[in-house]
Amino acid sequence: MGMVPTGRTYGLLLGGGALATLLAALVGAPSRLTVALLTLLLFDGVVLVAMLWDGQQVKAQRATIQRNPLHRLSIGRDNPITLHAQVSAPAHLRIYDNYPADFDGTPMPLTISLGGPEPETITFTVNPKQRGEYPWGDLQVQQRGPLGLAWADWTIPAAETVAVYPDLVGLNQLSVKLALQATGLLKQKRRLGVGTEFAELREYGLGDDPRFIDWKATARLSQPLVRVLEPEREQTLLILLDRGRLMTAQVQRLSRFDWGMNAALSLALAGVSRGDRVGLGVFDRTLHTWIPPQGGRANLQQMVERLTPIQPVLEESDYLATATHVAQQQHRRALVVIITDIVDATASAELLSALSRLRPRHLPFCITLRDPTMDRQAHQFTSEISTAYQRAVALDLLSQREAAFARLKQRGVLVLDAPAHQISEPLVESYLRIKSQGRL
């Protein structure tokens with residue numbers, strides 16, 4: 001166990017120098033230097049001995065610190081980390097939990113005061129920006145002695161490897177929301193549609209569509225009842241995630257590919273929760289990963305495990321080859337969702353051809369991940385030449401994107417364009433709306 005002086009100790013040592021100077025000024029010239037040196041050595045020696053004694057007192061009442069096991073972390077989220085601390089007597093602690101340097105997180109050290117033997121819980125957060133496995137270091141603890149002159153310093157072995165996954169926190173939240181919607185305990189933001197399959201009869205409530213009143217049942221039971229319809233189940237949802245050059249760009253401190261992966265898994269969760277068969281492919285110049293359409297939660301877990309190690313690459317994506325593979329593999333009608341980005345009408349010509357090839361057998365749905373920085377630049381008025389030039393470029397790019405979207409819509413392709421960091425929620429809502437309207 002090491003020892004670190006406190007600020008109080010440094011203050012006393014400086015005070016010793018001031019005291020020596022004062023005494024030297026009061027004595028005669030021949031012995032002035034001797035008196036000053038003796039005073040300084042004696043005073044500082046007493047301070048240092050007291051500091052050593054203070055640090056040694058911590059050994060008898062050293063705090064116990066333990067970190068909860070590290071589970072899978074979610075990229076781009078504030079992940080809570082929990083420590084448990086206990087000490088036999090009141091104490092002041094500084095705790096350094098050596099999380100990976102690549103993470104954003106609560107600054108170290110964590111400074112806490114413990115009042116007694118009752119265990120206390122300390123929580124801080126880390127926010128990883130890339131997926132993968134990272135080494136997490138030991139715990140370093142400093143406990144102040146009873147005189148406040150020394151920090152007793154020691155290390156608690158707690159090193160382990162932590163895995164960073166896609167946004168599992170968001171998936172858990174979405175899972176709860178979908179479950180509540182399915183049981184009718186949570187009202188949806190907007191009316192998503194009427195569905196295609198009869199589910200049940202229930203009492204008529206404020207806001208229900210009178211067209212769905214079951215008049216026979218109402219007459220029989222003498223109270224208004226409405227038919228509840230659910231979307232058709234066992235349909236097919238195919239998600240194609242681009243990992244090419246356009247998806248390497250950073251948006252809100254995550255790659256566009258990471259935002260697309262979070263959206264793809266959220267959509268897959270929604271599909272599984274609604275009883276659909278969900279398949280997923282990741283492509284660049286070739287189809288990198290292909291998970292055939294299946295139902296059930298096990299399929300979603302398989303997607304999480306297989307997607308987590310994948311990173312975007314600086315290669316141009318081959319949309320036509322991917323669309324050809326889907327057309328050959330999937331003969332049953334499906335909602336084909338492609339998550340990518342668009343620069344302009346010229347660069348998106350291949351994407352347009354690929355999605356047109358999927359019509360009319362399938363329903364293609366193009367999801368583009370917009371950079372909100374471009375929106376801010378386009379709407380920022382300024383008199384500076386450099387900023388005005390950036391605004392002109394941003395306006396031109398947005399105009400070309402709109403032209404590309406118009407061409408896609410003309411070919412019968414559904415389009416959703418939203419900021420990359422906000423794409424998951426509108427994508428899930430769009431899918432549920434398509435389901436409820438029976439467009440498949």
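Per-structure values
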read-out: Where only alpha carbons of the range 2-60 are counted, the Rg and the Dmax (Å); value: 14.1, 49
read-out: Å³ per residue enclosed by the Cα convex hull of the range 1-116; value: 150
read-out: Separation between Cα centres of the range 418-440 and the range 247-297, rounded to whole Å; value: 14
read-out: J(HN,Hα) series, the range 258-263, from Karplus relation 6.51 cos²θ - 1.76 cosθ + 1.60, nearest Hz, glycine and proline x; value: 5, 5, x, 5, 4, 5
read-out: Hydrodynamic radius by Kirkwood, which averages 1/r over all alpha carbon pairs of the range 209-327, in angstrom; value: 16.6
read-out: Lys, Arg +1 and Asp, Glu -1 on Cβ, resulting dipole of the chain about Cα centre, debye, nearest 20; value: 1240
read-out: Derived scalar couplings ³J(HN,Hα) [the range 404-409; Karplus, 6.51 cos²θ - 1.76 cosθ + 1.60; whole Hz; x for Gly, Pro]; value: 5, 4, 4, 5, 5, 5
read-out: Cβ-defined net charge surrounding residue 326, 13 Å radius [Lys, Arg +1; Asp, Glu -1]; value: +4
read-out: Pair-distance profile P(r), taking every C-alpha pair of the range 318-440, with 5 angstrom steps and integer %; value: 2, 10, 19, 19, 18, 14, 8, 5, 3, 2, 1, 0
read-out: Computed Rg/Rh of the range 236-436, alpha carbon atoms with Kirkwood Rh; value: 0.98
read-out: 222 nm mean residue ellipticity, helices alone, for the chain (DSSP H n ≥ 4; -39,500 (n - 2.57); rounded to 500); value: -12500 deg cm²/dmol
read-out: Relative contact order (%) - the chain, alpha-carbon pairs under 8 angstrom, separation at least six; value: 13
read-out: Answer label, with Kirkwood radius over Cα pairs in Å calculated from the coordinates and candidates [x] 22.3; [y] 23.4; [z] 27.1; value: [z]
read-out: The chain: most fluctuating residue of 286, 21, 373 per GNM, C-alpha cutoff 10 Å; value: 21
read-out: The range 62-164, Rg to Rh (Cα coordinates; Rh as Kirkwood inverse mean 1/r); value: 1.00
read-out: ³J(HN,Hα) computed for each position of the range 417-433 - Karplus, 6.51 cos²θ - 1.76 cosθ + 1.60, integer Hz, glycine/proline x; value: 10, 8, x, 4, 7, 10, 7, 4, 5, x, 5, 5, 5, 5, 4, 5, 5
read-out: Length-normalised contact order for the range 236-436 - Cα pairs under 8 Å, 6+ apart - percent; value: 25
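Since every read-out is calculated from the coordinates, none of them should be taken as a lab result. Computed from a predicted structure; not experimentally measured. Here Cβ is always computed from backbone atoms with ideal geometry, including for glycine, and neighbour counts include all displayed protein chains.
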